[in-house]
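Enquirer: Structure below; questions to follow.
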Protein chains: 2
Amino acid sequence: MARTGRRTRDAARERMEENGVIPQIPFQEVRNPYPPVEIISTDQLEAIHLASLRVLEDIGINFLLEEARDIWREAGADVKPGDPRVRFDRNLIEDLIRHAPSEFTLHARNPARNIMVGGNRIVFGSVGSPPNATDLDRGRRGGNYEDYSNFMRLVQQLNVCHMMSGYPVEPVDIEPNIRHLEALRTASVLTDKVIFGYSLGRRRILDAIKIAQIAGQVSDEALWDKPCISTVVNANSPLQYDIPMLIGMIEMSKRGLPIIITPFTLAGAMAPVTVAGALVQQNAEALAGIAFCQAVKKGARVLYGGFTSNVDMKTGAPAFGTPEYSQAVLIGGQLARRYNIPYRASNVNASNAPDAQAAWESSNSLWSCVMGHCNMVKHGLGWLEGGLSASFEKMIIDAEMIQMMIAFLKPLEISDDAFGLDAMADVGPGGHFFGTAHTLARYETAFNPPVLADWSNYETWAEKGSLTADQRANKVYKALLSSHEEPAMDESVREELDAFVDRRIAEGGAGMDD
Amino acid sequence: MARTGRRTRDAARERMEENGVIPQIPFQEVRNPYPPVEIISTDQLEAIHLASLRVLEDIGINFLLEEARDIWREAGADVKPGDPRVRFDRNLIEDLIRHAPSEFTLHARNPARNIMVGGNRIVFGSVGSPPNATDLDRGRRGGNYEDYSNFMRLVQQLNVCHMMSGYPVEPVDIEPNIRHLEALRTASVLTDKVIFGYSLGRRRILDAIKIAQIAGQVSDEALWDKPCISTVVNANSPLQYDIPMLIGMIEMSKRGLPIIITPFTLAGAMAPVTVAGALVQQNAEALAGIAFCQAVKKGARVLYGGFTSNVDMKTGAPAFGTPEYSQAVLIGGQLARRYNIPYRASNVNASNAPDAQAAWESSNSLWSCVMGHCNMVKHGLGWLEGGLSASFEKMIIDAEMIQMMIAFLKPLEISDDAFGLDAMADVGPGGHFFGTAHTLARYETAFNPPVLADWSNYETWAEKGSLTADQRANKVYKALLSSHEEPAMDESVREELDAFVDRRIAEGGAGMDD
């Protein structure tokens, strides 16, 4: 604990980092034992609920796919020939959403990486869909396959990352018609965690499902009981579901594969300028989507997705991790719990660099997600710049913030043994606890070990080069990449995977209208 | 809202910053309308309470000042001649702490800057006591009068800073015997907010009280009803109150001046290695201090201070803004509410730079303070490096984070008017809300305006020099300094202030043992 001890420890940590070994807690199920924070009353919540039912009855939602409107007509909604607008009796909506399960398991190809969604559990997913990648060495560049693969390696390496939740960066150097095939083959090989498919037309989502089935060796018959891939469906807010998304909802719902239904309700742009109004619209769109999946097949697995934030009213730029975002995330949780449906929100920020702004906006997001009992935190690791970039350093910063949240959620031991009154009596006034038996028995596991925080004193920190958190994160992500190994996959599975992907590539993949 | 709009706005903002005009919300009372987060059960809370009473009965606390032990003997505690250790019957403690008021007003020399402490209110104070100052231009240097004065100017300029809570940096270039006189004269001149005195012996605290009385024109007779200065008293943990602190407690309590009683219980160093054990010790020390003030004078104004955090067990370095700190802050709030005494915690971090680590650790601290219904957030603005440095940039970063918290705590408008269903019907599927009447009527005040966050798109941000949050904070603090003006003070008051301070300086100020 003297200066020498600190030096030795720094050297040990540097060696660990060179070997890619970072102090991490194990991959684990995370539960939130604390009561959810509720910032509006039950009456106010009901007012939002009822207003969203009025939206669904009076204004309605555009469902642009005719097949979807046929399903709605069959289910009893108000559908007029040739009109994309569908209106819904409130009883129809309430009857349908009741069938959505309150929890389910998402299966990874490695059963040790399965995740349960719902209840008081929280899973953290990686960033999804940025068009750019960035790091401190090379700066910002368009998304590409190499960066995509490296992010997938970090998905595997970071124990607090429970799942892939979208392409961590869009690999635009792969032709669009085969991109989903190469991206998901790579994902299936580089990680054994739960993977993700995009709803961009029928061929693409069916290919994604098939790849997940091969990787996890899940037959068509077993698929309903072993959902092994999820997708996100965004409403094209305001009040519209587009054709590729609806196709995804139909194909996924038929099979019981989880759909994260997420309206994109930026208050002041695609939704009313008030948080309350944006939430009413979010709720109307989410309920319509959730009900639609149940109309496709009762018991279809869905998450209630919230993405309400505000825009900078002077420029129209989206803002994230704002006070308005926090309020929306917490109330979104209240709504999802009212319907007893798992809840998705996000770890977001609008900073252009992995700096203090990125951290405070992300921290606001994470605290709101955790306090609001969000069940799935999408964009949990790596999101920067309002989602326009995936940042390698930010991914490590997020891992640190998430690991701290997980430690915060561990219930405290409250017992005479924990209190240590004997140690207090032994130490007495003015003493110290470093060497007591109570301390020695517990110190190695007493506190959360930081992944990234540097608690050295100033002089030591300066001697080591005065590295800021983003610069240290740069070293950590490289260390993790250097030690990544492909998780075990049976040779026969790998062959089946390659055979399928190669065949589909040879067939031309998926065209614009497939 | 187009590119031109953004450019114009950036230019406007730059001009504003050059003029020292920063988008800030007004100075205001902050209330937390949300329920406090409670992470342990009532039974568990009672177990901590009862264990701390056992500490007070069985182990006791050292009160090093004989005058203090005389007060305790008089009050009925178990005091042995020549022994610093005092032991307390639990009924004595419980009877005494009942007299501590649950809320009070702290009076500033400008009544518009008075602050109420207690209930669901939160006040944010500036950083106190670092030995060093730092900024990006000049780096880290020993505390000095120039930096002290500049920090005091920021205390005045930042609207979310409710009060001075300690010397923002120690002005070590002023001789120790007159430092308190110069420092408090300067504080009284540069800000009209509530000021702070240190309990470093009788002469110093009496001088501090007198300066506050002159600045606020509060007579000795009026002082009990118009408390115009506060102090912090730290237990010298474990289980000890030192002489200068006890003198401060006596002099302040006699006059009803608020004392922030704060044990310094770092788990694993000055307290048991468990959060629960450290909290038991914190609670024992705090209750002893609070009861002592009531033994001095019933109704003495106190805050229950929590400062429990953990140390890095490999080096002994203190850590802040950790998961353990969050748990301790939330449970500290539960304890303070059990006793119905206002609660103090802190906005702390252990980073050596105003970087992402500083932000995530501070954000963890602030969220815990706010969710735990802390009434006074000490070190709210400017603390860095575990309290060893006051940072100009961090002060601006903290102002941004606090302003966001205040916006988050504004109750949402939940009403048909806020919902904007007519706007939704008008805009319809696929439209946008920028130009609707609902938006135009509300957009200027709809959302919290950032002080520091840059939400520009990447290209615009890069054109402006790719400034990170700390670099932008550097510009903001300078702009604020450049526009600081001394708040109005009557000429006669200024003369009285100078006459007192000059006389006391001529008398030699306060010696080591005064």
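No lab work stands behind these numbers, since they all come straight from the coordinates. Everything numeric in this text was worked out from a predicted model, so none of it was measured. All Cβ positions, even for glycine, are placed from backbone atoms using ideal geometry, and neighbour counts span all protein chains on display.
Enquirer: Which of the three applies to the range A:82-174, rounded, prolate or oblate, going by the alpha-carbon gyration tensor with a ≥ b ≥ c and a/c under 1.5 meaning rounded? It would help to have the intermediate numbers written out before the result.
Expert: Numbers: a/c = 3.29, a/b = 1.55, b/c = 2.13.
Cα axes put the range A:82-174 in the oblate bin.
Enquirer: Between A:Glu444 and B:Met489, what's the calculated FRET efficiency when r is the beta-carbon distance and R0 is 56 Å? Round to 0.05. Walk me through the intermediate numbers first.
Expert: Numbers: r = 57 Å, r/R0 = 1.02.
E(calc), rounded to 0.05, equals 0.45.
Enquirer: Relative contact order, percent, of chain A when contacts are C-alpha pairs under 8 Å separated by at least 6 residues? Could the numbers behind the result be given before it?
Expert: Working: 1048 pairs, mean separation 101.5, N = 514.
The value is 20 percent.
Enquirer: Still on this structure, please answer the following. Using just the helices of chain B, give the 222 nm mean residue ellipticity in deg cm²/dmol: DSSP H runs with n ≥ 4 each add -39,500 (n - 2.57), and the total is spread over all residues, rounded to 500.
Expert: On the way: 19 runs with 230 residues, N = 514.
Mean residue ellipticity, 222 nm, calculated: -14000 deg cm²/dmol.
Enquirer: I need the inter-copy label distances for B:Gly119: point set 7 Å along Cα to C-beta, values in nm with one decimal, smallest first.
Expert: List, nearest first: 4.2 nm.
Enquirer: Just want the ordering: A:Leu440, A:Leu65, A:Leu266, A:Leu287, from fewest to most Cβ atoms lying within 10 Å of their own Cβ.
Expert: Working: A:Leu440 12, A:Leu65 18, A:Leu266 23, A:Leu287 28.
Going from sparsest to densest Cβ surroundings: A:Leu440, A:Leu65, A:Leu266, A:Leu287.
Enquirer: Label-point separation (nm) for B:Ala499 and A:Asn120, each offset 7 Å from Cα along Cα-to-Cβ?
Expert: 6.5 nm
Enquirer: Work from the charge dipole of chain A (Cβ charges, +1 for Lys and Arg, -1 for Asp and Glu, about the Cα centre) and give the residue of A:Pro81, A:Leu65, A:Leu409 farthest towards its positive end.
Expert: A:Pro81
Enquirer: Quick one: of the DSSP bridges fully inside the protein assembly as shown, what percent are antiparallel, nearest 5? Before the final figure, lay out the partial values.
Expert: Numbers: 36 of 92 bridges.
The antiparallel proportion sits near 40 percent.
Enquirer: Nearest 5 is fine: what % of DSSP beta bridges in chain B come out antiparallel, could you say?
Expert: Working: 18 of 46 bridges.
Antiparallel bridges: around 40 percent, rounded to the nearest 5.
Enquirer: Now, a different point. Counting other beta carbons within 10 Å of each residue's own, what order do B:Ile402, A:Ile40 fall into, fewest first? Intermediate values should be presented prior to the final figure.
Expert: On the way: B:Ile402 28, A:Ile40 22.
Lowest count first: A:Ile40, B:Ile402.
Enquirer: I'd like to compare B:178-185, A:324-331, A:389-396, B:419-426: which one has the highest average count of other Cβ atoms within 10 Å, and what's the full order after that? Each step should come with its number before you reach the end.
Expert: On the way: B:178-185: 22.9, A:324-331: 27.2, A:389-396: 30.0, B:419-426: 21.1.
With the highest mean Cβ count within 10 Å placed first, the list reads A:389-396, A:324-331, B:178-185, B:419-426.
Enquirer: What size of dipole, in debye to the nearest 20, comes out for chain A about its Cα centre when the only charges are +1 on Lys and Arg C-beta atoms and -1 on Asp and Glu C-beta atoms?
Expert: Numbers: 50 positive and 65 negative charges, 53 e Å.
For this selection, approximately 260 debye.
Enquirer: Would you please name the trypsin sites (Lys or Arg not before Pro) within the range B:92-147 that are DSSP coil residues with at most 10 other C-beta atoms within 10 Å of their C-beta?
Expert: The qualifying sites are B:Arg138.
Enquirer: Counting partner chain Cβ atoms within 10 Å of every residue's Cβ in B:208-216, what's the average?
Expert: Numbers: counts 0, 0, 0, 0, 0, 0, 0, 0, 0.
Whole-number average of other-chain Cβ neighbours for B:208-216 is 0.
Enquirer: How far is helix B:491-506 tilted off the main Cα axis of chain B, in degrees rounded to 10, range 0 to 90?
Expert: For B:491-506 against chain B, the angle is about 50 degrees.
Enquirer: Follow-up. Using the 7 Å Cα-to-Cβ label point, sort the distances from B:Asp70 to its equivalents in the other copies shortest first and give them in nm to one decimal.
Expert: 9.7
Enquirer: Helix A:42-54 versus the longest principal axis of chain A: what is the Cα-based angle in degrees, 0 to 90, to the nearest 10?
Expert: The helix A:42-54 is inclined about 30 degrees to chain A.
Enquirer: Could you pull out every residue, at least 5 positions away or on a different chain, whose amide H is within less than 5 Å of the one on A:Tyr34? Hs are placed 1.01 Å off N in the peptide plane, and Pro or chain starts have none.
Expert: Counting only residues 5 or more places away or on other chains, the set is empty.
Enquirer: A further question on this structure: Which FRET efficiency value, to the nearest 0.05, is calculated for A:Asp225 and A:Glu413 with the Förster distance at 51 angstrom and r the Cβ-Cβ distance?
Expert: FRET efficiency, A:Asp225 to A:Glu413: 0.85.
Enquirer: How shielded is A:440-446 by partner chains, expressed as the average number of their Cβ atoms within 10 Å of its Cβ atoms?
Expert: On the way: counts 1, 1, 7, 6, 2, 1, 10.
Mean shielding by partner chains, rounded to a whole number: 4.
Enquirer: Measuring nothing but label to label, 7 Å from Cα along Cα→Cβ, what are A:Gly142's distances to the other copies in nm, shortest first?
Expert: In ascending order, 5.8 nm.
Enquirer: Here's another thing I want to ask about it. Report the FRET efficiency, 1/(1 + (r/R0)^6), for B:Glu66 and B:Glu29, where r is their Cβ-Cβ distance and R0 is 51 Å, rounded to 0.05.
Expert: Working: r = 42 Å, r/R0 = 0.83.
The pair B:Glu66/B:Glu29 has a calculated efficiency of 0.75.
Enquirer: Follow-up. Between B:Ala291, A:Pro26, A:Ala286, whose Cα lies farthest towards the positive end of the dipole of the protein assembly as shown when Lys and Arg beta carbons carry +1 and Asp and Glu beta carbons carry -1, centred on the Cα centre?
Expert: B:Ala291
Enquirer: What size of dipole, in debye to the nearest 20, comes out for the range B:45-92 about its Cα centre when the only charges are +1 on Lys and Arg C-beta atoms and -1 on Asp and Glu C-beta atoms?
Expert: For the range B:45-92, the charge dipole is close to 120 debye.
Enquirer: Something else now. Tell me the relative contact order for the range B:45-92 as a rounded percent, counting alpha carbon contacts under 8 Å between residues six or more apart.
Expert: Details: 50 pairs, mean separation 19.6, N = 48.
Relative CO of the range B:45-92 lands at 41 percent.
Enquirer: Enumerate cysteines in chain B without a disulfide-compatible partner, where compatibility requires another Cys Cβ under 4.7 angstrom.
Expert: B:Cys161, B:Cys228, B:Cys293
Enquirer: I would also like to ask the following. Between the helical axis of B:275-296 and the dominant principal axis of chain B, each derived from Cα atoms, what acute angle in degrees is found, rounded to the nearest 10?
Expert: 60 degrees
Enquirer: Let me ask another. Around A:Arg179, under 10 Å between beta carbons, what's the net of Lys plus Arg minus Asp minus Glu among the other residues?
Expert: Values: positive: A:Arg204; negative: A:Glu170, A:Asp173, A:Glu175, A:Glu182.
In short, -3.
Enquirer: With charges set only on the Cβ (+1 for Lys and Arg, -1 for Asp and Glu), what does the dipole of the protein assembly as shown come to about its Cα centre, in debye to the nearest 20? Don't skip to the end; give the middle numbers.
Expert: Numbers: 100 positive and 130 negative charges, 91 e Å.
Computed charge dipole of the protein assembly as shown: roughly 440 debye.
Enquirer: Express the Stokes-Einstein translational diffusion coefficient of the protein assembly as shown in µm² s⁻¹, to the nearest whole number, given a Kirkwood radius over alpha-carbon pairs, 20 °C and a viscosity of 1.002 mPa s. Please list the in-between numbers first.
Expert: Working: Rh = 29.9 Å.
The calculation lands on 72 µm²/s.
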